[in-house]
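To start, the structure itself, in structure tokens.
The values are calculated or read from the model by the stated rules, or taken from the named source; none is laboratory data. Remember, predicted model here, so these are calculated numbers, not experimental data. Heads up, the Cβs are rebuilt from the backbone with ideal geometry, glycines too, and the neighbour counts pull from every protein chain shown. Note: areas computed on protein heavy atoms with side chains; ligands, DNA, RNA excluded. Shrake-Rupley method; radii C 1.70, N 1.55, O 1.52, S 1.80 Å.
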Amino acid sequence: MTPNLGRRVPEPFRRRAATLRRDLEYSRCFSVATAVLLVLLIAVSGCTQKFVRSAVPVALTEEALPLGLEGMRSWGDDVTQEQIDHLLTTRSAYFQERFAKEFAAGITPRLYFLALSGGGQHGAFGAGVLRAWTESGTRPVFDGVSGISTGAIMAPFAFLGSSYDDVLEEFYTTNSTKDLLTPTIFSGITGGTALSSTAPLRAKLAQYITPEVFEEVATEYRKGRLLFVGTTNLDVSRPVIWDMGAIAASGHPGALQLFRDVILASAAIPVAFPPVFINVEAGGAIYDEMHVDGGVTSQVSLVSPGIPIYLLDEQLGHKIDREVYIIVNGRIVPAPKAVTPRVLKIGAAALSSLTYSGTISDLYKIYAVAVRDQMDVRFGWTPETFLEEPTEAFDPVYMRKLYDFGRDLEASGKLWASYPPYFAAPDNQVPVVARGNILAQASN
């Protein structure tokens, strides 16, 4: 039977056919657009400037020298016996001269140290604590200061003393994200090194770390005071502790730039911020090392645990009391928050959890060193009662509130804890310094 080609197609079928044709057309358009986008991405990626590195050969890792100078840094996880012997000899001679009168009179001198953790904009907390500490009249002149990440930015000014409290307040209460970072997402995902540029932050560091500040650090170093900053050498995945005073006092024409680069590197969160490439000399040639956020390997640190400070007292033949203060720029546990079931959100939450747990581990490591070396230690961190949330990576409104919170907490006398988080100390636990004094008395 011959079909009736002139029969009218029912309206529902016509609409369905039109929809099908439209969907097929959209599909073809989408496929073409996707193909074009992929081609463009590949083309852009291919045109992206290639960064040609001259990385340090593995065999030369141990002999690589920034500025070609010895003594500018050490590993944060291990030190050589030669470095230990050098440290014990030089510091022993220094203390013999500095405390000659106290030793002769039977007086036990006391040294003060400060360690500042990472935490990005949460450095506002530590800045507020330092301000209140100054206002209380009890803030000591620290014999040594160390900083990692945001703590590295704070460290030179905490080291130089209360006259720089205004600088820290300005930096941590007036800068917004756009003042410190420039987005580079497209170039970052098509062959770049990061999703943002830290060129504005680099300019800020140059603004604050002036040649005059640099020379002040050198002057204090010559008096025997120490300033350390931690980075991570990503080529070998190891922590590096930089002797910033030695760099400042080196007299090398490239020292000021290295000083600033080390601080920028210490704050360079991988992927988010670009790494900093530091030139070194090894085997008669120039190479580069890739350095990133010190928080990758340690959120807070004072010196390598491989340095036996207790041996210094034995070499001196005299006891020196040491008091260490640790400021954690942030909470020790993240605020509870439901995680969106998406891969990036899950990954970000997992990395955040690792950072928090790593911070606590670092605090226990410092406590273990303090017990071994008979040092008194105090820990301070942002309590869970601070409930404000930032609206951007560097939120000046949030930072002002956090700064004021840290300032009020220190002024209240409720900041410092004698033990790391969750540590259940026995009721008869003898404070570290007291135990050191008892041991010293027993040995006399």
### Query
Which is more than 30 Å from Tyr94 (Cβ to Cβ) and surrounded by 17 or more Cβ atoms within 10 Å (Cβ to Cβ), of Leu180, Leu227?
Leu180
### Message
Would you confirm, using the coordinates I've provided, whether Val296 is closer than 24 Å to Ala127 by Cα, among the aliphatic types (A, V, I, L, M) and surrounded by 22 or more Cβ atoms within 10 Å (Cβ to Cβ)?
### Response
yes
### Message
Can you confirm whether Val52 is modelled with pLDDT under 95 and either open to solvent by 50 Å² or more (accessible area, probe 1.4 Å) or outside any helix (DSSP H, G or I) (or both)?
### Response
yes
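Yes/no per residue for (1) buried (at least 20 other Cβ atoms within 10 Å of the Cβ); (2) in contact with a Phe, Trp or Tyr (Cβ under 9 Å, 6 or more places away or on another chain); (3) under 18 Å from Thr193 (Cα atoms):
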| residue | (1), (2), (3) |
| --- | --- |
| Ala206 | no, no, no |
| Ala249 | no, yes, no |
| Phe259 | yes, yes, no |
| Ala267 | yes, yes, yes |
### Query
Is there a residue being at pLDDT below 95, more than 22 Å from Leu227 (Cα to Cα), of a type in the set (Ser, Thr, Tyr) and assigned to a helix (DSSP H, G or I) anywhere in the range 83-95?
no
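Name the residues in the range 315-362 that are outside any loop (DSSP other than H, G, I, E, B), without any contact (Cβ under 8 Å) to a residue 24 or more places away in the chain and open to solvent by 70 Å² or more (accessible area, probe 1.4 Å), would you?
Val343, Leu344, Lys345, Ile346, Leu351, Leu354, Ser361
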### Message
Here is a check on your reading of the model: is Tyr310 in contact with an Asp or Glu (Cβ under 6 Å, 6 or more places away or on another chain), more than 24 Å from Tyr403 (Cα to Cα) and open to solvent by 40 Å² or more (accessible area, probe 1.4 Å)?
### Response
yes
### Message
Against the conditions (1) open to solvent by less than 40 Å² (accessible area, probe 1.4 Å); (2) in a helix (DSSP H, G or I), where does Ser146 fall short? Just the number, please.
### Response
(2)
### Message
If I filter the range 282-289 for residues that are hydroxyl-bearing (Ser, Thr, Tyr), over 27 Å from Thr210 (Cα atoms), surrounded by fewer than 20 Cβ atoms within 10 Å (Cβ to Cβ) and touching an Asp or Glu at 6+ places or on another chain (Cβ under 9 Å), do I get at least one hit?
### Response
no
### Message
Where the second residue is at pLDDT below 95 and assigned to a helix (DSSP H, G or I) and the first is acidic (Asp, Glu) and lies in the range 363-388, which pairs have Cβ atoms under 6 Å and are six or more apart or on separate chains?
### Response
Asp373/Tyr310; Asp376/Val432; Asp376/Val433
### Task
Could you tell me whether the range 147-155 includes any residue that is in contact with a Lys or Arg (Cβ under 8 Å, 6 or more places away or on another chain) and either among the hydroxyl-bearing types (Ser, Thr, Tyr) or farther than 23 Å from Ala393 by Cα (or both)?
no
## Note on the structure
All-but-one check, Leu130 against (1) in a loop (DSSP other than H, G, I, E, B); (2) open to solvent by less than 10 Å² (accessible area, probe 1.4 Å), failing number (1)
## Note on the structure
Val371 passes all but one of the listed conditions (1) assigned to a helix (DSSP H, G or I); (2) under 30 Å from Ile309 (Cα atoms); (3) within 22 Å of the chain's Cα centre (by Cα); the exception is number (3)
